[in-house]
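Colleague: Below: one structure in structure tokens.
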Amino acid sequence: DAGVIQSPRHEVTEMGQEVTLRCKPISGHDYLFWYRQTMMRGLELLIYFNNNVPIDDSGMPEDRFSAKMPNASFSTLKIQPSEPRDSAVYFCASSLALAAPGANVLTFGAGSRLTVL
Amino acid sequence: GIQVEQSPPDLILQEGANSTLRCNFSDSVNNLQWFHQNPWGQLINLFYIPSGTKQNGRLSATTVATERYSLLYISSSQTTDSGVYFCAVLPYSTGANNLFFGTGTRLTVIP
């Protein structure tokens, strides 16, 4: 398996523009997570899905952020309109059920580095 | 929610030295993982270790679930070990499926 695939790897945009980040999870993984990492706040969970259904979106900062998972192999995180404080690295990760017995690990993508000017 | 505390926050080692990183957590867990974030930002799973001891080359980890802590040992450190080490746990009590991350230990290995 190629692992968790994220695109773009780098995005530079201007304030007010729409940003769409994309993620392809590992085939067979039924959980998908979006994280944001900044120096100030560390690694934060934004939202996670189970079988394409959002389970917990309490970490989504505000209405400017939205996430979708139209099928088991694709998810998007959208920011509209973007602001400079959204600058961060956004990670997608996938897993099987972490609470189930067995070595179920969380696998991260390489991240998308977003800079909003 | 569960508290996950890692120590030390920063560690500087000479190449070849050994080190121990600690993770304390405030509630019972049924999943615990250690991750390494390399200087290029990539997050790699090192161990799945909700209890017991595991070894992988120069790295080993021990979790004492009853006392709510885990240790990551790095022996004969190399410059490639530099980066941030995160501990992440899944508490029994929530019924959720998301890991709670500590704030990490930043390790710098100097040649």
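Nothing in this text is a laboratory measurement; each read-out follows from the coordinates by a stated rule. Here the structure is a predicted model, which means the values were calculated and not measured. In this analysis, Cβ positions are derived from the backbone assuming ideal geometry, glycine residues included, and neighbour counts consider all displayed protein chains.
Colleague: Cross-link partners among lysines for A:Lys78, C-alpha distance below 28 Å, same-chain residues fewer than 8 apart left out?
Modeller: Cross-link targets: A:Lys24, A:Lys68.
Colleague: What spacing in nm lies between the two simple spin-label points modelled at B:Glu67 and A:Met39, each 7 Å away from Cα in the Cβ direction?
Modeller: The two pseudo-label positions are separated by 3.7 nm.
Colleague: Which of B:Thr66, B:Thr53, B:Thr20 ends up with the largest GNM mean-square fluctuation for chain B, with Cα atoms connected below 10 Å?
Modeller: B:Thr66
Colleague: Could you compute the FRET efficiency for A:Glu14 and A:Arg113, with r as their C-beta to C-beta distance and R0 at 22 Å, rounded to 0.05?
Modeller: Values: r = 16 Å, r/R0 = 0.72.
In this case the efficiency is close to 0.85.
Colleague: In addition: Rg to Rh ratio, region A:12-64, alpha-carbon atoms and Kirkwood radius? Could the numbers behind the result be given before it?
Modeller: Numbers: Rg = 13.0 Å, Rh = 12.9 Å.
That ratio equals 1.00.
Colleague: Still on this structure, please answer the following. Under 10 Å, Cα contacts only: if you run a Gaussian network model on chain A, which one of A:Ser82, A:Ser58, A:Ser95 comes out with the highest mean-square fluctuation?
Modeller: A:Ser58
Colleague: A further question follows. Could you tell me which residue out of B:Thr79, A:Thr20, B:Ile2 lies farthest along the dipole of the protein assembly as shown toward its positive end? Charges go on the beta carbon: Lys and Arg +1, Asp and Glu -1, centred on the Cα centre.
Modeller: So the residue we want is B:Thr79.
Colleague: Tell me, what are the semi-axes, in whole angstrom and largest first, of the equivalent ellipsoid of region B:1-47 as set by the roots of 5 times the Cα gyration tensor eigenvalues?
Modeller: 23, 15, 10
Colleague: Let me ask something additional. Under a 5 Å amide H to amide H cut-off, with H placed in plane at 1.01 Å, what residues pair with B:Val29 once short-range neighbours are removed?
Modeller: B:Tyr92
Colleague: If you don't mind, another one. Measure out, as a whole number of angstrom, how far apart the alpha-carbon centroids of region B:3-37 and region A:40-107 sit.
Modeller: 24 Å
Colleague: Using the Kirkwood formula over every pair of different C-alpha atoms, what hydrodynamic radius in Å results for region B:61-111?
Modeller: For region B:61-111, inverting the mean 1/r across all distinct Cα pairs yields 13.0 Å.
Colleague: With the convex hull built on the Cα atoms of the protein assembly as shown, state its orientation-averaged projected area in nm².
Modeller: With the hull built on Cα positions only, its mean projection is 12.4 nm².
Colleague: If you wrap a convex hull around the C-alpha atoms of chain B and split its volume per residue, what is the figure in Å³? Can you show the working numbers first?
Modeller: Details: hull volume 9.6 nm³, N = 111.
Convex hull of Cα atoms, per residue: 87 Å³.
Colleague: Given H placed 1.01 Å from N in the peptide plane, which residues other than close sequence neighbours of B:Ser82 have an amide H under 5 Å from its amide H?
Modeller: B:Val109
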